[in-house]
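Accompanying notes for the structure given below.
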Amino acid sequence: MSATVETSPVAAAPRATPKRRRTGGFWRRVARHVMRDKLALLCTVILALIALSAIFAPWIAPADPYKTSMMRRLLPPLSPGYILGTDELGRDMLSRLLYGGRVSLAMGISPVILATLIGGALGVTAGYFGRHVNMAIMRVVDVFYAFPSVLLAVAMAGVLGAGLFNSLISLTLVFIPPIARVAEAVTTQVRNQDYVEAARATGASAPRIIVQHVLANVTGPIMTYASSLVSIAIIISSGLSFLGLGAAPPIADWGLMLNTLRQAIYVAPINAVLPGVMIFAASVSFNLLSDSLRTAMDVRA
């Protein structure tokens with residue numbers, strides 16, 4: 001779990017065109033590119049299946065994910081009544097994996113959304129106003145960005161204490177700096193475009209220019225980069241649960257399930273690696289899908 005958060009060399013260069021010329025054909029072109037990319041389409045299907053199974057877990061789970069039975073502990077997959085076997089306490093593995101997807105996906109997506117809102121606002125503000133405002137915001141951001149993401153998340157979670165809410169806060173703070181840097185970079189490019197200068201010449205206020213002209217061109221690159229952080233968020237949140245700093249028993253969480261099943265890896269290896277397989281599938285799918293979006297939104301390609 002040595003995942004690190006790095007800013008891409010400006011996620012995707014913004015197009016120097018006004019809002020009304022890019023919102024239509026541009027996004028249709030992005031959608032067509034993703035639909036033609038078979039690997040991205042496969043990742044979309046995988047993520048949709050994981051998300052739907054997590055949402056409808058109470059209706060499709062074959063058993064109660066919290067019901068224990070020491071008589072049926074560590075049953076192998078394909079056992080009668082237990083398709084994926086049972087865990088160290090005799091709980092149905094399939095049910096716990098379905099319910100675990102709820103926590104893992106929420107902890108992967110929620111902090112990225114919050115960090116995008118906060119970091120994007122800070123980056124756009126710093127990039128548009130520049131000078132002293134840029135210096136004040138970006139130097140504070142650089143202090144947090146200097147630490148490895150995993151180390152910073154573990155340190156913050158350790159200070160705040162174990163729990164899903166504290167993990168959410170920790171992950172949000174970890175992802176604000178890189179998103180702010182990307183937002184600042186693309187905004188710095190956009191603010192010098194002719195249509196922004198024309199808006200200034202007409203006497204438009206700074207908030208109006210930001211909303212109507214700047215955000216229309218920087219939202220795409222910011223969202224594309226933020227989507228690549230979801231996979232890292234899933235891995236880090238699972239790592240926090242594995243270390244006892246995230247979800248607490250008996251909550252079904254993929255990272256926590258890895259921790260509780262690690263002692264049974266020599267007795268029931270398939271059961272022990274199933275949560276890891278789910279973490280791998282979700283994180284890789286998000287990563288590959290974000291790569292396809294980045295390529296589709298790169299107008300230089």
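The values are calculated or read from the model by the stated rules, or taken from the named source; none is laboratory data. All figures in this text were calculated on a predicted structure; none of them were measured in a lab. Counting neighbours? That spans all protein chains shown, and the Cβs are built from the backbone with ideal geometry, glycine included.
For first residues located in the stretch 214-228 and within 17 Å of Ile109 (Cα to Cα), partners that are basic (Lys, Arg) and lie 6+ apart or on another chain with Cβ distances below 6 Å form the pairs Thr224/Arg294. When Thr68 is tested against (1) over 18 Å from Ile279 (Cα atoms); (2) modelled with pLDDT of 90 or more; (3) of a type in the set (S, T, N, Q); (4) under 27 Å from the mean Cα position of the chain (by Cα), just one condition goes unmet, and that condition is (4).
Does Pro148 count as in contact with a helix residue (DSSP H, G or I) (Cβ under 9 Å, 6 or more places away or on another chain) and on the phi < 0 side of the Ramachandran plot? Answer is no for this residue. Of all the residues in the stretch 208-267, those that are hydrophobic (A, V, I, L, M, F, W, C) and out of contact with any Pro (no Cβ under 8 Å at 6 or more places or on another chain) number 23. Somewhere in the stretch 178-191, is a residue at pLDDT below 90, farther than 18 Å from Val230 by Cβ, in a helix (DSSP H, G or I) and charged (D, E, K, R)? Within the stretch 178-191, not a single residue is at pLDDT below 90, farther than 18 Å from Val230 by Cβ, in a helix (DSSP H, G or I) and charged (D, E, K, R).
Of all the numbered requirements in (1) touching a Leu at 6+ places or on another chain (Cβ under 6 Å); (2) over 30 Å from Asp253 (Cα atoms), Asn192 misses one, and that requirement is (1).
Reported count of residues in the stretch 34-63, each being loosely packed, with under 12 Cβ neighbours inside 10 Å and either in contact with a Lys or Arg (Cβ under 7 Å, 6 or more places away or on another chain) or of a type in the set (D, E, K, R) (or both), is 2. Give me the residue from the stretch 246-260 that is surrounded by fewer than 24 Cβ atoms within 10 Å (Cβ to Cβ) and of a type in the set (A, V, I, L, M) and, out of that set, nearest to Leu74 (Cα to Cα). So the residue we want is Leu258.
Among the numbered criteria (1) surrounded by fewer than 24 Cβ atoms within 10 Å (Cβ to Cβ); (2) in contact (Cβ under 8 Å) with a residue 24 or more places away in the chain, which one does Phe175 miss? For Phe175, the exception is condition (1).
Every residue in the stretch 143-156 that is modelled with pLDDT of 90 or more and surrounded by 24 or more Cβ atoms within 10 Å (Cβ to Cβ), please. Residue satisfying the conditions is Ala153 alone. The residues on offer are Ile270, Ile236, Ile279, and the sole one that is over 24 Å from Leu173 (Cα atoms), out of contact with any Lys or Arg (no Cβ under 9 Å at 6 or more places or on another chain) and at pLDDT 90 or above is Ile270.
Out of curiosity, is Leu171 at pLDDT below 90, closer than 25 Å to Ala247 by Cβ and hydrophobic (A, V, I, L, M, F, W, C)? When the stated conditions are applied, Leu171 does not pass them.
Considered as a group, the residues in the stretch 261-301 that are of a type in the set (Phe, Trp, Tyr) and under 15 Å from the mean Cα position of the chain (by Cα) include one that is surrounded by the fewest Cβ atoms within 10 Å (Cβ to Cβ), and that residue is Phe280.
The listed residues are Leu105, Leu75, Leu114, and the only one of them that is modelled with pLDDT of 95 or more and either in a helix (DSSP H, G or I) or not charged (D, E, K, R) (or both) turns out to be Leu114. Suppose we filter the stretch 1-57 for residues that are under 24 Å from Asn192 (Cβ atoms) and modelled with pLDDT of 90 or more; how many remain? The total comes to 0.
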